[in-house]
Amino acid sequence: MGVFARVHLNRDFVSVLVYFPADRFGPETRRRVGEVLAHWPGEVVARDDRIVELGFARMQFLIALPPRRSGALAGSSACRIRGSSSHPPVE
């Protein structure tokens, strides 16, 4: 599993990509990823789920950040998502 997040240049949105094996794609995985994303400041405004190349599934989220909190994202515990043991945490 891999989780990648990028704050947009004007700090009003965060794009989050979640990759995992396609055979694990289903309602339970969607629910669990949603629970993790609920800890991010802001609101999920767009979502796209796909089966992509090499047997992987991808969930893509666009999170709108509130203007007063957009600069505080770097210190948020939500930025410390851990992927597999071979990848460092996202800081």
For this session: Could you please tell me the mean projected area of the C-alpha convex hull for region 2-66, averaged over all directions and given in square nanometres to one decimal?
Result: 4.4
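How much length, in nm to one decimal, is gained on full extension between residue 6 and residue 62, taken as 0.36 nm per residue of separation minus their Cα-Cα distance? Kindly include the intermediate steps, with their values, before the conclusion.
Details: separation 56, 0.36 × 56 = 20.16 nm, distance 0.99 nm.
Contour length minus Cα-Cα distance gives 19.2 nm.
Could you calculate the contour length gain from residue 43 to residue 15, that is, 0.36 nm times the residue separation minus the distance between their Cα atoms, to one decimal place in nm? Present the calculation step by step, with values, prior to reporting the outcome.
On the way: separation 28, 0.36 × 28 = 10.08 nm, distance 1.17 nm.
Contour length minus the Cα-Cα distance gives 8.9 nm.
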Seminar exercise, completed: Note: residue 50 to residue 22 extended length (0.36 nm per residue) minus current alpha-carbon separation gives 9.2 nm
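No value in this document is a laboratory result; all are computed from the given coordinates. Remember, it's a predicted structure, so these values are computed and weren't measured experimentally.
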